[in-house]
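Every number here is computed from the coordinates shown, using simple stated rules; none is lab data. Model, not experiment: these values are computed from the prediction. Methodologically, a virtual Cβ is constructed for each residue, glycine included, from the backbone with ideal geometry; neighbour enumeration extends over all protein chains shown.
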Amino acid sequence: MRVLLKASMDTEKANEAIRNGTLGKLVQESLEQIKPEAAYFTSDHGKRTAFMVFDMQDSSQMPVLSEPFFLQLGAEITYTPVMNLEDLQKGLSQLGR
């Protein structure tokens with residue numbers, strides 16, 4: 001299932017990760033593990049935030065993907081099922097008329 005992972009990082013913990021050089025490494029390792037089809041980085045509600053869209057094969061992946069953000073950055077994590085245009089069109093075609 002295509003999923004949007006949103007990781008909003010605690011500002012102080014992210015500041016420390018930048019100072020000690022671990023933020024870039026954590027992000028790189030997470031991208032290698034998650035293998036997102038898209039990844040974006042911005043601020044959201046005043047926090048550094050990563051948005052990653054990827055195919056979640058099994059819900060048991062959630063702890064593996066989330067814990068580095070929780071443990072190292074005090075992040076708030078959300079997972080949201082999402083569709084691309086092709087998924088939407090497929091779903092709409094299955095609706096009764």
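Hey, rough spin-label estimate for residue 6 and residue 43, points 7 angstrom out along Cα→Cβ, what's it come to in nanometres?
1.7
What FRET efficiency would be calculated for the residue pair residue 31, residue 83, taking the C-beta separation as r and a Förster radius of 25 Å, to the nearest 0.05?
It comes to 0.65.
So for 41, 69, fewest C-beta neighbours within 10 Å to most, what's the order?
41, 69
For a quick check: sort 58, 10 by the number of other beta carbons within 10 angstrom, fewest at the front.
So the residues, fewest neighbours to most, are 58, 10.
Mind sorting 22, 42 by how few other Cβ atoms lie within 10 Å of their own Cβ, fewest first?
Fewest-to-most Cβ neighbours within 10 Å comes out as 42, 22.
Contact order normalised by length for the chain, with contacts defined as Cα pairs under 8 Å and 6 or more residues apart; what percent is it?
Reported as a whole number, the value is 45 percent.
Please list, ordered by chain and number, the residues whose modelled amide H lies under 5 Å from the amide H of residue 48; skip anything fewer than 5 residues away on the same chain.
Those lying under 5 Å, H to H, from residue 48 are 9.
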